[in-house]
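Okay, so here's the structure we're looking at.
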Amino acid sequence: PGSFCAAMRALRGARRLCHWGPLVALAVVAVCSGTALADAALWYWPLDTAGGGLHFLVLLNWTVMILYNYFSAMFAGPGYVPLGWAPEKSQDCMYLQYCKVCQSYKAPRSHHCRKCNRCVMKMDHHCPWINNCCGYQNHASFTLFLLLAPLGCIHASFVFVMTMYTQLYNRISFGWSSVKIDMSAAKRDPRPIIPFGLSAFAASLFALGLALGTTIAVGMLFIIQVSIWIPLQEEKNRIQYYQTGEIFIFPYDMGSKWKNFKQVFTWSGIPEGDGLDWPVREGCHQYSLTIEQLKQKADKRVRSVRYQAVEDYSGVCCPVTKGVKTFFTTPCTEEPRIALSKGDLILATRGLKHWMYGEKILDSTGRAETA
């Protein structure tokens with residue numbers, strides 16, 4: 001049984017790699033790091049001086065640390081609420097939402113992810129680049145990846161620029177130098193030579209573009225991640241969207257970013273707690289947030305407006321046949337789109353000019369959420 005479970009975990013891990021997000025991310029890491037190591041050998045040969053060797057090791061260390069945190073975030077996962085989970089005290093069930101898919105109650109700070117098809121502990125978001133959710137268990141490694149990737153790309157960009165500059169400068173100098181200077185250069189100690197032709201220059205230039213683009217894109221993600229630090233502001237936004245003037249104190253904000261920081265980043269690498277029970281600030285209790293979420297859910301039902309579909313819709317993400325404005329105002333979200341037939345009834349809770357979010361009334365058995 002143990003070997004079978006290990007094989008199944010390995011299979012699930014391999015399947016996570018078979019997605020456009022990890023494939024693109026790993027390709028960028030491979031191109032930038034591989035080109036940077038080759039260029040570093042040209043620009044600052046590591047076997048000549050201690051500085052060259054140290055520089056090469058630092059450059060290699062960026063790759064190791066980036067990949068370590070990337071795969072940790074991907075394979076460790078966010079941690080899922082156990083199937084069939086319920087609070088120890090049965091009377092506490094009245095404060096929690098019930099997930100019909102997982103057949104369990106949603107623990108505080110957990111959310112059901114449609115991509116993972118599980119309730120995720122302290123879910124922040126589902127990240128396509130790691131093909132997994134970011135949550136309780138992998139939040140630290142995911143944040144470190146967002147920090148280390150831009151730093152490594154900045155170092156690699158410096159190497160690319162210096163390599164292209166020195167190689168072009170040496171070639172121009174050689175073209176203008178006399179035979180005597182060329183002979184003196186030949187008397188120097190021989191060293192391994194990596195050809196730097198037009199293809200190598202193009203590869204370095206391409207890698208430079210990737211590194212700069214990654215620095216900007218991933219760096220912005222890191223700034224956003226830190227600005228909503230760990231990820232309290234994101235959770236606050238979810239509940240404040242439907243606030244109706246009531247005073248609500250967010251229970252999991254410990255009062256300082258340092259205290260919130262220590263809930264995620266620990267010396268052991270294992271986050272505090274079990275992902276189900278959380279420390280709360282004074283004046284709150286364990287179910288302050290879930291009670292507020294139940295109020296919001298009831299408020300959404302009251303505020304929902306019934307509409308009837310006047311034409312068919314296939315459920316595609318970007319419908320070309322529904323007009324140019326509808327096509328270009330497609331919501332930037334991974335929420336599913338639901339197919340509609342003429343005459344279907346929808347309960348909309350919010351919407352944009354050309355799109356609505358809500359539930360389709362199926363029949364007496366229930367509803368299906370859509371966007």
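What pairs can you find where one residue is in the stretch 306-319 and surrounded by 12 or more Cβ atoms within 10 Å (Cβ to Cβ), the other is of a type in the set (Phe, Trp, Tyr), and their Cβ atoms are less than 7 Å apart, with a gap of 6+ or different chains?
PRO319/TYR313; PRO319/PHE327
Which is modelled with pLDDT of 80 or more, surrounded by 13 or more Cβ atoms within 10 Å (Cβ to Cβ), touching a Lys or Arg at 6+ places or on another chain (Cβ under 8 Å) and assigned to a loop (DSSP other than H, G, I, E, B), of ILE346, ILE361, ILE338?
Answer to the selection: ILE338.
Exactly one condition in (1) in a loop (DSSP other than H, G, I, E, B); (2) assigned by TED's automatic domain parsing to the domain that holds MET65; (3) not charged (D, E, K, R) is not met by LEU147; state its number.
Evaluating LEU147 over (1) in a loop (DSSP other than H, G, I, E, B); (2) assigned by TED's automatic domain parsing to the domain that holds MET65; (3) not charged (D, E, K, R) leaves (1) as the failure.
Which residues, counting only those in the stretch 124-134, are buried (at least 24 other Cβ atoms within 10 Å of the Cβ) and either among the polar types (S, T, N, Q) or in the same structural domain as HIS19 (by TED's automatic domain parsing) (or both)?
ASN132
Does GLU292 satisfy being on the phi < 0 side of the Ramachandran plot, acidic (Asp, Glu) and surrounded by 11 or more Cβ atoms within 10 Å (Cβ to Cβ)?
yes
Which of the residues that make up the stretch 229-274 are surrounded by fewer than 11 Cβ atoms within 10 Å (Cβ to Cβ) and at pLDDT below 75?
Across the stretch 229-274, the qualifying residues are TYR241, THR244, GLY245, GLU246, ILE247.
Could you pull out the residue among SER72, SER33 that is assigned to a helix (DSSP H, G or I), within 30 Å of the chain's Cα centre (by Cα) and buried (at least 20 other Cβ atoms within 10 Å of the Cβ)?
After applying the criteria, what remains is SER33.
Where in the stretch 90-138 are there strands (runs of 3 or more DSSP E), lying wholly inside it, with at least 1 residues that are basic (Lys, Arg) and over 19 Å from GLU292 (Cβ atoms)?
118-120
Would you call CYS153 over 16 Å from the mean Cα position of the chain (by Cα) and either among the acidic types (Asp, Glu) or assigned by TED's automatic domain parsing to the domain that holds TRP20 (or both)?
Yes; evaluated as a whole, the condition is true for this residue.
Does ASP92 count as more than 14 Å from the chain's Cα centre (by Cα) and among the acidic types (Asp, Glu)?
yes
With the requirement that a residue be in contact with a helix residue (DSSP H, G or I) (Cβ under 6 Å, 6 or more places away or on another chain) and surrounded by fewer than 20 Cβ atoms within 10 Å (Cβ to Cβ), what does the stretch 156-174 give you?
Within the stretch 156-174, MET162, MET164, THR166 meet the criteria.
The values are calculated or read from the model by the stated rules, or taken from the named source; none is laboratory data. Nothing here was measured: the structure is a model prediction, and the numbers come from that model. We place every Cβ from the backbone using ideal geometry, glycine too, and count neighbours over all the protein chains shown.
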